[in-house]
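The values are calculated or read from the model by the stated rules, or taken from the named source; none is laboratory data. As the structure is a computational prediction, the values presented were derived from the model and not from experiment. Cβ placement follows ideal geometry from the backbone for every residue including glycine, while neighbour counts extend to all protein chains displayed.
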Amino acid sequence: MNIEELNKDEFTEKINSIIPIPKKLYYRGDIENLKLPSIAIIGSRSCSEQGLRIARNMAKSLSKAGFCIISGMAKGIDGAAHSGCLQAGGRTIAVMRKRFWAHIPKRKPRIIS
């Protein structure tokens with residue numbers, strides 16, 4: 001896990017628009033993904049199979065179109081979005097409130113790597 005001290009001037013509007021602006025960003029992977037065109041896909045943890053399929057397919061299509069997929073890593077729609085993105089060979093960002101290692105869902109080891 002990496003920790004980045006945030007300097008308001010060096011990060012994109014995506015981070016600077018968070019109020020209050022966080023002092024640190026905990027991350028794993030390529031921080032440059034924050035600079036890519038992106039779209040968030042979020043939804044229910046208790047969703048239908050149809051909802052999962054739609055989220056997965058939407059993320060695949062958007063990834064192939066060059067978007068980075070942002071979601072919350074929760075089970076349900078969020079997990080399906082990350083999964084669909086990765087199936088398409090795309091880039092994904094998981095947004096969580098706590099440090100990464102304190103919040104890893106045990107059911108998604110492939111997604112988090």
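Some values worked out for this structure:
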| item | result |
| --- | --- |
| Every pair of residues 6+ apart whose Cβ atoms lie under 9 Å, when the first sits in region 34-54 and is of a type in the set (S, T, N, Q) while the second is surrounded by 15 or more Cβ atoms within 10 Å (Cβ to Cβ) and assigned to a strand (DSSP E or B) | S38/C68; S38/I69; S38/I70; S38/I93 |
| Within region 1-54, considering residues that are basic (K, R) and assigned to a loop (DSSP other than H, G, I, E, B), the one modelled with the highest pLDDT | R45 |
| Scope region 71-113; condition at pLDDT below 90 and in a strand (DSSP E or B); matching residues | S71, I93, A94 |
